[in-house]
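First the structure, in the form of structure tokens, and then the observations on it.
The values are calculated or read from the model by the stated rules, or taken from the named source; none is laboratory data. Note that the structure is a prediction, hence the values are computed from the model and not measured. When we count neighbours, we look across all protein chains shown, and the Cβ atoms used for this are built from the backbone with ideal geometry, even at glycine.
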């Protein structure tokens with residue numbers, strides 16, 4: 001379980017770090033922030049007040065470069081300036097330990113070409129309480145990545161947040 005948590009944490013840190021590095025390089029002078037002035041909050045982007053005119057993509061709408069080429073210009077023509085887009089763990093780490101940011105990079109490039117902002121929505125181990133967006137190598141290894149169980153003990157397709165109970169052969173004696 002520690003390995004699972006460590007791997008997920010490393011994946012999340014890599015993803016978040018890449019996002020903030022990209023954001024910082026776009027706005028080298030000043031990072032976006034919220035300014036509180038006269039009791040009102042204001043989002044500041046590139047040193048100016050920014051009103052989010054946002055659109056949120058469906059769960060499976062950002063899985064390819066072709067979707068970026070089609071969707072982003074269409075949203076730009078509707079005067080949307082910010083896209084909330086799902087980014088799935090299975091897309092970023094399709095093979096254990098092998099990371100592929102090429103599709104996300106393409107979305108970022110097309111968004112920049114259309115003067116749009118992206119807000120990645122990370123679909124990691126769970127999304128709406130299900131584990132649909134975890135990589136296949138996680139889903140297929142129930143020993144390393146145990147599943148939740150119903151009250152009656154039947155396994156669910158959802159990754160468990162709890163460690164497995166050790167069996168009698170591997171359990172350490174309880175301290176007295």
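Under the condition of being within 26 Å of residue 81 (Cα to Cα), modelled with pLDDT under 85 and assigned to a strand (DSSP E or B), the residues counted in segment 114-160 number 2. The strands (runs of 3 or more DSSP E) falling completely within segment 23-112 that include 3 or more residues that are within 25 Å of residue 125 (Cβ to Cβ) map to 82-88. Can you tell me which residue is surrounded by the most Cβ atoms within 10 Å (Cβ to Cβ) among those in segment 55-69 that are at pLDDT 90 or above and within 15 Å of residue 118 (Cα to Cα)? Looking at residues that are at pLDDT 90 or above and within 15 Å of residue 118 (Cα to Cα), I get 68. When the residues of segment 67-90 are filtered to those that are free of Cβ contacts under 8 Å to residues at least 12 places away in the same chain and over 27 Å from residue 139 (Cα atoms), which remaining residue is nearest to the chain's Cα centre (by Cα)? My answer is 70. Can you spot a residue in segment 102-112 that is under 17 Å from the mean Cα position of the chain (by Cα) and closer than 17 Å to residue 54 by Cα? Within segment 102-112, one or more residues are under 17 Å from the mean Cα position of the chain (by Cα) and closer than 17 Å to residue 54 by Cα.
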